1. Taking the Cα atoms of the stretch 359-413, report the difference between the largest and smallest coordinate on each principal axis, in whole Å and largest first.
2. So how do Cys388, Cys160 rank on accessible area, 1.4 Å probe, biggest first, that is with the largest at the start?
3. If ligands, DNA and RNA are left out, what is the accessible area of Thr400 with a 1.4 Å probe, given in Å² to the nearest 10?
4. So if R0 is 56 Å, what FRET efficiency would Arg355 and Ala256 give, r being the distance between their Cβ atoms, rounded to the nearest 0.05?
5. By DSSP, what percent of the beta bridges with both residues in the chain are antiparallel, rounded to the nearest 5?
6. Pairs of alpha-carbon atoms within less than 8 angstrom and 6+ residues apart define the contacts here; what relative contact order does the chain have, in percent?
7. Which value results when the Cα radius of gyration for the chain is divided by 2.2 N^0.38 Å?
8. Accessible area, 1.4 Å probe, largest first: how do Trp68, Trp387, Trp12, Trp51 sort?
Amino acid sequence: MDAATDFFGRQWGRLALARWAASDLAVALFLMAVPSAAAALAISCFGNLSWSEAGLLFVLCFAATLAWIGTRLTRGLSNLDVLVEKLDRALAVKLGIEGPVRFADVEAIGMPLRIVATDVAARRLKIFSGTATPSVRVAEAVAASAALPIACSYRDIEGCRYIDGGIVSNLPAWTFDEERALDPDAITLAITIEAGANASTNAGLGPLGLLASILKSAMFGRQHLETRAAPRLFILPLKTEIQVVDFDIGRDRVAASVSSAEATARLLINERLFVLPQRIEDACAHIGELVDALLEPNPRPPHHRTRVLVALRDPGAIASWRIQHGWNLLPTDTDDQLLLPEASSVIGLAVTQKRPVLSPIPFDPAAGLSEPGDRYRKALVRSDLKWCLAIPISTAEAATETIGVLAVDSDLALEYFKFDVETVTELAETASEVMGSLIQSALKIR
């Protein structure tokens, strides 16, 4: 196979023509008017029709052309049979399996796979997986998920018709919700493709542009809803100038785009999953050392554990904070990813009052997770907790906005620490100075 257009064979000409027609309303009208005018002119000459009769005939021919094009578009301009055939062979070679690779084969080698398509008749999503559809060919599910309406015809799998799953769910990170629930330490990487320049204003947004913008909003705007409930989620946006149907752009340009996307992905993944968390942990350790330096010299207890935690809002959250980073955590700690309500926690109290809050055990009702819905999360809080200091973090650019909360706690009674108003104020200033830029970086790249 020499080019990506070979996936469509002779059908590529239809797609190329449709892409050209879709580029401009005038072009589309011209392409429909030419055959209509030619047919009307030929019939008029043969039938010796008047100009008014010829004009009416042109309108009828144009309407017939429009109806034919609409019928053709609903069936799809191409099919993906060649893609299925080639992908079947490639998967078989890659996995060392004879014959078509099915979902059961992929599941058997420890590679859980989920592919989403839209069931046209049932008007709902279909998840292909080793559990739900073990006998379905992976290549067929891929083709179903890639069957973009108009460009491609539907795929028939086990008697049902399927089209592109992005019509209903464009970023289906939710398909692994069960795995995330079973493994709280799991990290989810969700990759999005951002093609072309995104318009930031209404300037130049004509009728066709407005319609395209509405359709894109319907497909891509749901990404925020589909991912907001997923903790430890990293959305990796890969930008490209290649459009959806640019199969004829040339191998060199494709290779360059893929190479650029790979380099960007490696950089962002390394920064998000390794470099930045380590920098935040180092900053937490520095704060922890400052707190431990406040221990009274006499009597100095031999054993204690001070923790420093960072709470951030989940994407889309407005009334809760989640512990997302920390220092001096033990594997037995169950509150390292705890979601805390702003209305009934020490962290929330610091945010609403916009000041550091130092609270000993037992917490007062306003900060002690005392609401009925808090009973499960209250059981996850550190069992030997003696006190908690919550410090709202802001930056010089947005001094009134809390971007994160630093929480310090210990299993050692508060009386052993030399805390006073001046000391807590200095600690809060240091925390904002040390953590502010790091938290901003975490918020920008997640």
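1. The principal-axis extents, from largest down, are 38, 29, 18 Å.
2. Sorted by accessible area, descending: Cys160, Cys388.
3. My reading of the accessible area for Thr400 is about 120 Å².
4. In this case the efficiency is close to 0.60.
5. Taking every DSSP beta bridge within the chain, about 85 percent pair in antiparallel fashion.
6. In percent, rounded to a whole number, it is 10.
7. 1.35
8. Trp51, Trp68, Trp12, Trp387
The values are calculated or read from the model by the stated rules, or taken from the named source; none is laboratory data. Note that the coordinates shown come from a computational prediction; the quantities given were computed from them, not determined experimentally. Reconstructed Cβ throughout: ideal geometry from the backbone, glycine too, with neighbour counts over all protein chains shown. Keep in mind that these areas ignore ligands, DNA and RNA; they rest on the heavy atoms of the full protein, side chains included. Shrake-Rupley method; radii C 1.70, N 1.55, O 1.52, S 1.80 Å.
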